[in-house]
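What follows is a short report on a single structure.
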Amino acid sequence: MTSIDYYFYSVSPFTYLGHQAIVDVAEKHGAKLNVKPVNLMALWAESGAVPPGQSPPVRQRYRLVELQRVADFRGLPINKKPAHFPVDATLADCTIAAIVAADANPLAYMNDLFAATWVHEKDASDEATIASLLEQNGFDSEVILASAKSETIAAIREQNSKDAIAADAVGVPAYVVEGEVFWGQDRIEMLDHMLTSGRAPFAP
């Protein structure tokens, strides 16, 4: 079975915009989607990127256009300047890692969690908001949140971050197939093409 490592940060707009698309591609090819939340700051420290607010004005303006363009292309709603961004997504990320560690499927919850910031003007760093989204998706929020706050789950997220850096993931979302990294939701169609064509992975 083909395996796709899916590296992301829960309040990344491009993670939100690409989520359903990568889920659909994985289902199309019968691929296993390995869900791996990361510390985005660690990836950026390695790749030299900076938070959007620290980018030059021309890049900030272009980013706002790009968000609208991608949302239109994907057929998704988006608030390009949400009320609760940027925020620390550590707890949100760790709830996803906790769900994976419990051998449960986090994908629908992830969709709702990502949309909380970019559609519904909710604070994805707020524990009550996270708990509500967990319950709406059929999870015991007390159990998942307790696990999410554990050292075990923190270590999983840290290892995910190291693995993403080792795979040359420049940022998020990033998808890795057979060692080839696809950075950005705009590379999902190229990943789909790789799996459809059966080509060998490219390397530097």
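All of the numbers you see were taken from the coordinates with simple rules; none came from a lab. Please read these numbers as outputs of a predicted model, since none were measured by experiment. Cβ: placed from backbone, ideal geometry, glycine included. Neighbour counts: every protein chain shown.
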(request) Please check which bits of region 20-37 a label hung off Asn105 would reach, taking the label as a point 7 Å along Cα-to-C-beta and the cut-off as backbone N under 15 Å. (result) 20, 23-35
(request) May I ask you to list the aspartates and glutamates whose Cα is less than 15 Å away from that of Lys81, ignoring any residue fewer than eight positions away on the same chain? (result) Glu66, Glu121, Asp123
(request) Please list, or write none, the aspartates and glutamates whose alpha carbon is within less than 18 Å of the alpha carbon of Lys122, excluding same-chain residues fewer than 8 places away. (result) Asp88, Asp93, Asp112, Glu135
(message) Please arrange Phe202, Phe85, Phe8 by how many other C-beta atoms lie within 10 Å of their C-beta, fewest to most.
(response) Phe202, Phe85, Phe8
(request) Treating only the Cβ atoms of Lys and Arg (+1) and Asp and Glu (-1) as charged, compute the dipole magnitude of the chain about its Cα centre; round to the nearest 20 debye. (result) 700 debye
(request) Work out which helices of the chain, taken as complete DSSP H runs, extend at least 15 Å along their axis over the Cα atoms and score a mean Kyte-Doolittle of 0.5 or more, then list them. (result) 90-101, 107-118
(request) Please list 71-78, 172-179 highest first by mean number of surrounding beta-carbon atoms within 10 Å per residue. (result) 172-179, 71-78
(request) Return the distance in nm (one decimal) between the two label points of a simple spin-label model at Lys162 and Glu66, each offset 7 Å from Cα along Cα→Cβ. (result) 3.0 nm
(request) Pull up the DSSP beta bridges for the chain and report the antiparallel fraction as a percent, rounded to 5. (result) 55 percent
(message) Multiplying the sequence separation of Ala146 and Ala49 by 0.36 nm and subtracting their Cα-Cα distance, what value in nm do you get?
(response) 31.7 nm
(request) Could you please rank Ser150, Ser12, placing first whichever residue has the fewest other Cβ atoms within 10 Å of its Cβ? (result) Ser150, Ser12
